[in-house]
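The values are calculated or read from the model by the stated rules, or taken from the named source; none is laboratory data. A quick note: this is a predicted structure, and the numbers were derived from the prediction, not measured. We place every Cβ from the backbone using ideal geometry, glycine too, and count neighbours over all the protein chains shown. All accessible areas refer to the heavy atoms of the entire protein, side chains included, with ligands and DNA or RNA removed. Shrake-Rupley method; radii C 1.70, N 1.55, O 1.52, S 1.80 Å.
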Amino acid sequence: MLSLDVPQYASAQKLSQTYRILVVEDEEVIRQMLVLALQEEGYDVLWAEDGRSALALIQEIEAASNQPPIDLMLLDLMLPQVNGLDICRTLRYQGNTLPILIVSAKASETDRVLGLEVGADDYLSKPFSMRELVARCRALIRRQSFGAGSTNTFRKFRDLVLYPKECRVVLRGEEVNLAPKEYRLLELFMTHPRRVWSREQLIEQVWGMDFLGDTKTVDVHIRWLREKLELDPSQPEYIITVRGFGYRFG
Ligand code: CA
């Protein structure tokens, strides 16, 4: 069950200070308690009740051009379908740097360490006080939005890492030499993982509105990029052709 259509909060007050939190929790009582407490703090709250819909919701929001991004995820570990640790692993493997706070009844040291090892940013054991929870949420969002953490300084997908501030790309540990338009294309793809782009949209984003060539230019640049990035350019793993639409990353 996805919660994109929650009427009271879906498109309500988008103040610049309204941060968006995704609560992933299968126990309804706890979920409602978390959602209400965070809404009272002024957060824009979405929720999912199992692992698969959480991943689907994150993907849907990232792919949509009119959805504000999620700033933090509260994640239970024991969830139906896909468990919390696998959600962390999946997101980090896809290069997603969304801050994750694990909120779990599994309180052992091992779970805590494992959670942080698979890429969660913090861990809170149940039972916890709402004050503590809200304080942790605030701290994580602050860390992310002020860019103090290292999470925002690069984007990673499989063996490919992009450093936006340095306009640099490293593949399997080695620097890749990209022409400016190739770099811009890749940066656009990697900042919107799995979003499908039409050739016209790519032209507009990378070449600009006054570009006079045709959309074949996009295909040519994609081919060059694939030759530089893919192990087998005829079976691409990074830049995927979406028949009838265009291209997507990952
Ligand atoms: Ca649970």
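Remarks
- The set of residues in the stretch 177-192 being open to solvent by 80 Å² or more (accessible area, probe 1.4 Å) and either in a helix (DSSP H, G or I) or at pLDDT 95 or above (or both) consists of PRO180, ARG184.
- Tallying residues that are open to solvent by less than 40 Å² (accessible area, probe 1.4 Å) and acidic (Asp, Glu) within the stretch 193-250 yields 1.
- The stretch 37-65 - residue that is assigned to a loop (DSSP other than H, G, I, E, B) and under 30 Å from GLN201 (Cα atoms) and, of those, farthest from the ligand (Cβ to nearest atom): SER65
- Filter pass, MET33 being at pLDDT 95 or above, of a type in the set (A, V, I, L, M) and within 15 Å of the ligand (Cβ to nearest atom): no
- The condition (being assigned to a strand (DSSP E or B) and among the basic types (Lys, Arg)) is satisfied by just one residue among LYS156, LYS165: LYS156.
- Per-region count, the stretch 82-110, residues touching a Phe, Trp or Tyr at 6+ places or on another chain (Cβ under 8 Å), within 16 Å of the ligand (Cβ to nearest atom) and not aliphatic (A, V, I, L, M): 1
- Top-ranked residue in the stretch 66-81 [being exposed (fewer than 15 other Cβ atoms within 10 Å of the Cβ) and either free of Cβ contacts under 8 Å to residues at least 24 places away in the same chain or under 22 Å from ARG138 (Cα atoms) (or both); ranked as nearest to the ligand (Cβ to nearest atom)]: PRO69
- Among residues of the stretch 94-108 that are within 20 Å of ARG142 (Cβ to Cβ), those with a beta-carbon under 8 Å from a residue that is among the hydroxyl-bearing types (Ser, Thr, Tyr) and open to solvent by less than 30 Å² (accessible area, probe 1.4 Å) at least six positions away or on a different chain give the pairs LEU101/TYR123; ILE102/TYR123.
- Qualifying positions in the stretch 9-29 - buried (at least 19 other Cβ atoms within 10 Å of the Cβ), more than 16 Å from the ligand (Cβ to nearest atom) and either at pLDDT 95 or above or over 15 Å from TRP47 (Cα atoms) (or both): ILE21
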